[in-house]
Amino acid sequence: MENMNKPLIGISIGDINGIGPEIILKALQDKKFAKYCDFIIYGSTKVLSYYKKALEIEHFDYTNITAFEQSNGKHISVVNFSNEEVNIEPGNATSIAGEIALQCIDLSLSDLKEGRIDALVTAPINKSTIKVPTKDFRGHTDYIRQYFGVNDSLMLMVEDSFKVALATGHVPIRDLHKFIDTKSIVSKLEILNKTLKEDFLINRPKIAVLGLNPHAGDNNLIGKEESEIINPAISIVKDKGILAFGSYPADGFFGAGQFQKFDAVLAMYHDQGLIPFKSFAFSNGVNYTAGMPVIRTSPDHGTAFDIAGKNLANPGSMEAAIFTALDVVRNRKSYKEMTINPLPRSSVGYEQNN
């Protein structure tokens, strides 16, 4: 939505039995967001009312709407997925909660696709309770990529000075070899370089690439993926002008603080990247889906069923996800303005001197 008004941020409620509703309430009751943006929550006023009462949250006002158009001028609006009664069971994984989560995701994606909202922040879900007709639900990232018909995307974990991307997402360790090849790593590095430049306004991003095996293969003694797959991919993108370096042994790379010398890190698999990231930035980390025509962020944690409904959830990561979404909205607009009419290269001086 390119207009003079404040950005409109959508928030899908996530699993109603997890901490999603709690961190939404806690984050949005802070008046600091009022001057930056407005919100549409895709969820249920009944769910929010339940948690407001249970958590004794007083300062949270919203408007119940049935259509996007009714949100105009309202700081916080709620679109109900249904007017039926909702069975809320904090801490329990239920199929009903999974159905509600998916309905709210679909509602929000429809508005995102039509440009009715500027960005989407997704609260945590429980993947095991979400059923889709075609195949197993592997998470927001894959689902959103397929929804928008994008061939490749990238899970990028974001903190102010620390960014970690994943070459593979939610796949079993035993299947990693099926997803790691030179072509896919080249694609991930191209997406990462593009998003660092356009979404985070880093002019010449430096990217570190981790190896797959212990000690990055130790000169082929522990594995050959580095020499046969990963390093050739680095060479290919370097020839395209991308500043990629590696491959680095993951343990020493993080242990020695080498990540501080780079703008982002490409890890080969989920835990290789997320364990160090969450160790450094668990309370304010953000999951960003890079490589998409739309903007989607999420807190970097899950449903936390063990503390759901107990008023123990920290809203820091949700707040960071909202601010990251706002930053990318602004950065994409700035990048577009900077590059839409680049100055033509003049040959006048050359001709005069020859």
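Every number here is computed from the coordinates shown, using simple stated rules; none is lab data. Computed from a prediction, not measured in an experiment: that's the story for all the values here. Every residue, glycine among them, receives a Cβ derived from its backbone with ideal geometry; neighbour counts consider all protein chains shown.
Tabulated values for the structure
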| read-out | value |
| --- | --- |
| Cα-only Debye scattering, the chain: base-10 log of I(q)/I(0) at q = 0.07, 0.15 Å⁻¹ | -0.33, -1.27 |
| Peptide ranges 179-191, 14-26 listed from the most packed, as the mean C-beta count within 10 angstrom indicates | 14-26, 179-191 |
| Nearest-ten-degree value, helix 182-198 long axis tilted from longest Cα axis of the chain | 70 |
| Cα long-axis angle, helix 45-55 against the chain (0 to 90 degrees, to the nearest 10) | 90 |
| For segment 12-25, 3J(HN,Hα) per residue [Karplus equation, 6.51 cos²θ - 1.76 cosθ + 1.60, θ = phi - 60°, Hz, x = Gly/Pro] | 8, 6, x, 7, 5, 9, x, 8, x, x, 5, 6, 5, 4 |
| Other-chain or far-sequence residues with amide H under 5 Å of ARG296's (modelled H) | LEU120, THR289 |
| Efficiency of FRET from Cβ geometry, GLU58 and ILE222, R₀ 51 Å, rounded to 0.05 | 0.30 |
| Separation in nanometres of the label points that stand 7 Å from Cα toward Cβ, at LYS310 and LYS238 | 5.1 |
| Quarter of Cα convex hull surface for segment 1-150, i.e. mean projection, nm² | 9.0 |
| Estimated distance in nm for a label pair at PHE280 and ASP152, the labels positioned 7 Å out from Cα along Cα-to-Cβ | 2.5 |
| Proximal charge balance of ASP38 [Cβ under 9 Å; K/R count +1, D/E count -1] | +2 |
| For the chain: relative contact order, % (alpha-carbon pairs under 8 angstrom, 6 or more apart) | 22 |
| Net charge contributed by nearby residues that have their C-beta within less than 11 Å of PHE148 (K/R +1, D/E -1) | +3 |
| Links that overshoot a 27 Å alpha carbon limit, given the list LYS6/LYS261; LYS26/LYS188; LYS178/LYS238; LYS31/LYS53; LYS35/LYS206; LYS163/LYS240 | LYS6/LYS261; LYS26/LYS188; LYS35/LYS206 |
| Calculated FRET efficiency for the pair GLN258/GLU114, C-beta based, R₀ 51 Å, to 0.05 | 0.70 |
| Mean residue ellipticity (222 nm) of the chain, computed from DSSP H runs ≥ 4 via -39,500 (n - 2.57), nearest 500 | -10500 deg cm²/dmol |
| On Cα atoms only, tilt of 270-281 relative to the major axis of the chain in degrees | 70 |
| Among beta bridges that DSSP assigns inside the chain, antiparallel share in %, nearest 5 | 30 |
| Kirkwood-based Rg to Rh ratio, segment 152-291, C-alpha trace | 0.93 |
| Full-stretch length increase - ARG204, MET338 - with 0.36 nm per residue and alpha-carbon distance subtracted | 46.7 nm |
